1. In the range 117-133, what residues are open to solvent by less than 20 Å² (accessible area, probe 1.4 Å) and out of contact with any Phe, Trp or Tyr (no Cβ under 7 Å at 6 or more places or on another chain)?
2. Are there any pairs, at least 6 apart or on different chains, whose C-beta atoms fall under 6 Å, with the first in the range 136-151 and over 30 Å from Glu193 (Cα atoms) and the second part of a loop (DSSP other than H, G, I, E, B), and if so, which?
3. Which of the residues that make up the range 215-246 are closer than 21 Å to Leu167 by Cα and of a type in the set (Val, Ile, Thr)?
4. Kindly provide the set of residues from the range 197-228 that are aliphatic (A, V, I, L, M) and either in contact with a His (Cβ under 7 Å, 6 or more places away or on another chain) or free of Cβ contacts under 8 Å to residues at least 12 places away in the same chain (or both), ordered by number.
5. For Pro144, work out the one condition from (1) at pLDDT below 95; (2) away from the ligand (no atom under 12 Å from the Cβ); (3) outside any loop (DSSP other than H, G, I, E, B); (4) of a type outside the set (Ser, Thr, Tyr) it doesn't fulfil.
6. I'm checking my understanding of the structure. Among residues of the range 234-253 that are under 17 Å from Tyr184 (Cβ atoms) and in contact with a helix residue (DSSP H, G or I) (Cβ under 8 Å, 6 or more places away or on another chain), which one is most open to solvent (accessible area, probe 1.4 Å)?
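The values are calculated or read from the model by the stated rules, or taken from the named source; none is laboratory data. Being a predicted model, the structure only gives us computed values, none of them experimental. Backbone-built Cβ (ideal geometry, glycine too); neighbour counts: all protein chains shown. Only protein heavy atoms, including side chains, enter the accessible area calculation; ligands, DNA and RNA are left aside. Shrake-Rupley method; radii C 1.70, N 1.55, O 1.52, S 1.80 Å.
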Amino acid sequence: MNQYDKAAEAVAYIRTRTSLVPSVAIILGSGLGSFAQQIATDAVIPYAEIPHFPHSTVVGHSGNLILGTIGGVSVVALQGRAHAYEGHPMESVTFATRVAKLLGAGTLVVTNAAGGINTGYRQGALVAIADHINLTGTNAALGPNDARFGDRFFDMSNAYSPRLRELAVAEAARLGYELNSGVYLAVLGPSFETPAEIRAFRTLGADLVGMSTVHEVIVARHMGMEVLGISLVTNMAAGVLDEAINHSEVLDIGRQVEGQFTALLTAVIPKI
Ligand code: HPA
């Protein structure tokens, strides 16, 4: 069965649980899953119950699809994502994004934990993604094109909507802080980078490094969705500070910045 038909089956199942049609899809990154508490919930569906839906094995990713509303806007939140470094094929990494679009979402808000390459950033900072560099060695739209999703070749200039980024920057300012913008560079992982890699990535123009997001954004653009990306700098990237990087720190910082992150998305989503 092809990805479109699998996604359609997943959508048909989700429709048996709720009639809510989401206009915005939100993918919640490592340590950021508790944002889902802001949703006036219509349905919480464990990924395991949805046909063809991949599950994440990573601690800190819970694995629920949540449908409901935030400030009157209908949303679908994806609490937990499948990463390529877990061994998932691209089709699984992008499956939730495909399903979100087929459910009706025209906008994708994608969030992640990232390492800070830009030395102007601090641990705990939120950064709006302005653009990305895909160094994962693969592409989510690889393989035969399904025209029901989109065209074979598609534009990636302004993949991260300037309009939505400006909205996020304005809402952050209203909340009392400056939201920086930066370029997100994606690696496959799961090893964190070496200091030499981080120096190289800085030379390439990257401000942030992480192991997710770019594939979801590629398929979102394939399907014509408007994208807002927000990174949480959970740590400074390898070699920036004289200390090791660990995943529990990634989750701890997520918990510390949860309030600020939640406030930003709660302010932005009703204005999308
Ligand atoms: N590198 C890659 N991915 C990450 C990092 C990092 O330093 N921090 C959080 N996700």
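1. Once the filter is applied, which keeps residues that are open to solvent by less than 20 Å² (accessible area, probe 1.4 Å) and out of contact with any Phe, Trp or Tyr (no Cβ under 7 Å at 6 or more places or on another chain), the range 117-133 yields Tyr121, Gly124, Ala128.
2. Asn145/Arg152; Phe149/Met223; Gly150/Met223
3. Val217, Val227, Ile230, Val233
4. Result: Ala200, Met211, Val214, Val217.
5. Pro144 satisfies all of (1) at pLDDT below 95; (2) away from the ligand (no atom under 12 Å from the Cβ); (3) outside any loop (DSSP other than H, G, I, E, B); (4) of a type outside the set (Ser, Thr, Tyr) except (3).
6. Applying the filter and picking the extreme gives Val240.
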